[in-house]
Amino acid sequence: MDNDLHSKGNTQLIVRIPATILSNDDLSLNEKLILGLHYTFDFKLGKTVMTNKQIGLMFCLHPNIVSYCHKNLLSKRFLNKVKSGFTVSHKHLQTKVDDKREILLPFEIYSHCDLSTGAKLLWGEYNSISKGEREYFAKRSYTSKRLNVSEESITNWTKQLMECQLLKSYTHNRGYGKSQKIIVTSNE
């Protein structure tokens, strides 16, 4: 993904979530987002040194939710506690995935308080192919399997992204025996 999603001079963090975290069925959506943040910092700095309150403000989550997710990630051994921070364990690499695309969430998406965590992750999935230019088309069943959520959730979150004007194009092609949605993300 290019940094086109950032306005001139904006150097905010882009959160990287690998497919092994995104498709993991042991993790809740909030845990995937928070583990993705730790993965990003691990990749850049070696560890994460942020408070629950700072992470909560960043993702529009209550600090208690962030604390709960940290406790779960530690107990499930996805995170390791180190002096003044966290590091990501290699447990997420045990998840078998066919599609190895990682998603990237820019500041404008992960800090959007009108979006649920699932909608943020779904935007990242759509944008992993679209990047604001190409068409993303996949059955809801494929997208729901990749995010490890229900097909109904994909529909609800797509509507949420449309309401927030984060999709440039959303068309529904119906044909004999099949139905296909074609999506292009907005990069404004």
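The values are calculated or read from the model by the stated rules, or taken from the named source; none is laboratory data. This is a predicted model, so every value here is computed, not measured. Using ideal geometry, Cβ is built from the backbone for each residue, glycine included, and neighbour counts are taken over all protein chains shown.
Annotations
- Checking Ser84, Ser75 one by one, the residue that is more than 20 Å from Ser28 (Cβ to Cβ) and over 19 Å from the mean Cα position of the chain (by Cα) is Ser84 and no other.
- Qualifying residue in region 99-120 (condition: of a type in the set (Gly, Ala, Ser), in contact with a strand residue (DSSP E or B) (Cβ under 9 Å, 6 or more places away or on another chain) and not assigned by TED's automatic domain parsing to the domain that holds Met50): no
- Enumerated helices (runs of 4 or more DSSP H) restricted to region 87-188, each holding at least 2 residues that are of a type in the set (D, E, K, R) and either free of Cβ contacts under 8 Å to residues at least 12 places away in the same chain or at negative phi (or both): 117-130, 140-147, 151-163
- Condition met for Ser141 (in contact with a strand residue (DSSP E or B) (Cβ under 9 Å, 6 or more places away or on another chain) and of a type in the set (Gly, Ala, Ser)): no
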